[in-house]
Amino acid sequence: MSLPDDYRPDNIDDLIINDETKDALKSWINSWLNHEETKKAIILWGNQGTGKTSTAYALAKFGNLPIIEMNASEQRNKENMKRIALMASEYHDLFSSKEPDKLILIDEADNIFESRNPSKGGDSGGLSELLDVIKKTKNPVVITMNDFYAFRGKNNAKEIIFLSIVIDMTPYKRKNEVNYKSFFHKAFDRLKFISDEENINISGTELNEIIKNDEPDIRSMINDLYLYKTKNNGITENSRDVSKSIYYMVSDTFRNNNYDYVLNSLHSMDDDPNFYMKWLDENIPYEYSDPEDMMRSYDVLSKADIYYGKRLNDYSLVNYALEISSGVSLVIKNKNEHYVKYTFPEYVKKLSARKNNRDRYNLRNFMTKLSVISHTSLSEILNGMWFYYILKTKSKKDFNYISTALDLSDEEKNAIKK
């Protein structure tokens, strides 16, 4: 878990937003809980780090509802939107009589890219299916986006907006208004609380500086606060010994001069060393601006990659790869002191996309076999995929019977997912 995730507020009153927005959020979720809803969805928009996703989770906590999320790392085309979001919106948990029984989160909806040309990728049909989800839903739908005005120009966006409450999550408009003063005090209190909990040695003046540099991005503030945790040769003795996320591994490698601390953290990580090196490779241009620094960083990483490539002959060489790559910051002359939003490696994304394509191929094979034997259309089978997933997880005997009758391969079985 990252520091922002560790301290994500789970109460609407703890969100760093203005009172008018809080009242609107409570009114909307209460309308669902009281079966008086007039708007089935709510759109939360604003710059990154202003608490949109945290607000969705706080709404779910307020209503005591589990959350079903589709985020920007997933393909939100018509098929996937129907398979996940529509199933979650129309059908209730078989073991629950509660209504509503879940909250649906569609994260970063403005990044749903639609293309009619399959070769260009994209999320074809995603927004039309999202509109259908909102029309048919029996559960509250939260939609987040950064650029509301760009979203308005997309197909089906006007109808989606019409059926939704739209809330600008920007906590203030001008720095001379009451909302700004309230925001600043709340942000300071949150950072002070986190620094106390994490034993981070930082002054009030430095906290003020973080807020002024990053406002209104709360996530960036907390990530910048993390830099103080590793400032001046490592973290404090009392800090927790936990497995760190890849994000912070990368941040430490780029910015921490304590080589031993970075190397010890890497030896305790759960991720594959190559995955870590791919993260470094992807984000060096974002972290460093000096061409000489970038050249030295890539030179270090290339040497580490040579040792990693020889691991099949001698796996102990992986340790050499880690020891070399963890020294990237030692060759840098112009370190960046500000928060950088690191990017997931494109190479890994492409490998994942290929796997997703294979999964879709195997899922279609299963549906086709079932269509032939049941004389049912593929669209009807797609609408009922939730049933086969439940059968697979709750009644293995019945699922094995169907698998034998359809002669399903292991890949086709594995393609049936929630």
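Find the residue count for region 17-56, including only residues that are in a helix (DSSP H, G or I) and touching a helix residue (DSSP H, G or I) at 6+ places or on another chain (Cβ under 7 Å).
Applying the first criterion (in a helix (DSSP H, G or I)) to region 17-56 yields 19-33, 52-56.
Subset that is touching a helix residue (DSSP H, G or I) at 6+ places or on another chain (Cβ under 7 Å): 22, 25-26, 29, 55.
Residues meeting the conditions: 5.
Quick check on my filter: what residues within region 339-398 are surrounded by 13 or more Cβ atoms within 10 Å (Cβ to Cβ), more than 27 Å from the chain's Cα centre (by Cα) and at pLDDT below 75?
Matches in region 339-398: T376 only.
Report, by residue number, each residue of region 1-13 that is among the charged types (D, E, K, R) and over 16 Å from S182 (Cβ atoms). Spell out how you get there, then give the answer.
Narrowing region 1-13 to residues among the charged types (D, E, K, R): 5-6, 8, 10, 13.
Within region 1-13, D5, D6, R8, D10 qualify.
Which ones in region 167-188 are surrounded by 16 or more Cβ atoms within 10 Å (Cβ to Cβ) and either part of a strand (DSSP E or B) or free of Cβ contacts under 8 Å to residues at least 40 places away in the same chain (or both)? Working first, answer last.
To start, the set of residues in region 167-188 that are surrounded by 16 or more Cβ atoms within 10 Å (Cβ to Cβ) comprises 167, 169-172, 179-180, 182-184, 186-188.
Selection gives I167, Y180, F184, F188.
When the residues of region 216-232 are narrowed to those that are of a type in the set (S, T, N, Q) and within 25 Å of the chain's Cα centre (by Cα), which ends up modelled with the lowest pLDDT? Write out each step before concluding.
From region 216-232, those of a type in the set (S, T, N, Q) are 220, 223, 230, 232; that's our starting set.
Retained after the next criterion (residues that are within 25 Å of the chain's Cα centre (by Cα)): 220, 223, 230.
On the way: S220: 80, N223: 79, T230: 55.
Among residues in region 216-232 that are of a type in the set (S, T, N, Q) and within 25 Å of the chain's Cα centre (by Cα), the one modelled with the lowest pLDDT is T230.
In region 258-271, which residue that is at pLDDT below 75 and of a type in the set (S, T, N, Q) is nearest to L301 (Cα to Cα)?
Filtering region 258-271 for residues at pLDDT below 75 gives 265, 267-271.
Next cut, of a type in the set (S, T, N, Q) only: 265, 268.
Values: S265: 18, S268: 20 Å.
Filtering first and then ranking leaves S265.
Does region 279-305 hold any residues that are aliphatic (A, V, I, L, M) and in contact with a Phe, Trp or Tyr (Cβ under 9 Å, 6 or more places away or on another chain), and which are they?
Of the residues in region 279-305, the ones aliphatic (A, V, I, L, M) are 280, 284, 294-295, 300-301, 304.
Matches in region 279-305: L280, I284, M294, A304.
Any idea which residue in region 14-66 is nearest to the chain's Cα centre (by Cα), counting only those that are of a type in the set (S, T, Y) and within 19 Å of F183 (Cβ to Cβ)? Even if it seems obvious, please write down each step before you answer.
First pass over region 14-66, keeping only residues of a type in the set (S, T, Y): 21, 27, 31, 38, 50, 53-55, 57.
If we keep only those that are within 19 Å of F183 (Cβ to Cβ) as well, we get 21, 50, 53-55.
Details: T21: 23, T50: 15, T53: 9, S54: 11, T55: 14 Å.
Top of the filtered list is T53.
Under 6 Å between Cβ atoms, which residue pairs at least 6 apart in sequence (or on different chains) link something in region 189-215 that is at pLDDT below 90 with a partner that is surrounded by fewer than 12 Cβ atoms within 10 Å (Cβ to Cβ)?
That search, which allows pairs on different chains as well, returns N199/T236; N199/N238.
Working carefully through the options N283, N336, N274, N319, find the one that is closer than 21 Å to S220 by Cα, at pLDDT below 90 and assigned to a helix (DSSP H, G or I).
Working: N336 fails: assigned to a helix (DSSP H, G or I); N274 fails: closer than 21 Å to S220 by Cα; N319 fails: closer than 21 Å to S220 by Cα.
So the residue among N283, N336, N274, N319 that is closer than 21 Å to S220 by Cα, at pLDDT below 90 and assigned to a helix (DSSP H, G or I) is N283.
The values are calculated or read from the model by the stated rules, or taken from the named source; none is laboratory data. No experiment lies behind these values; they were computed from the predicted model shown. FYI the Cβ positions are ideal-geometry reconstructions off the backbone, even for glycines, and counts take in every protein chain you see.
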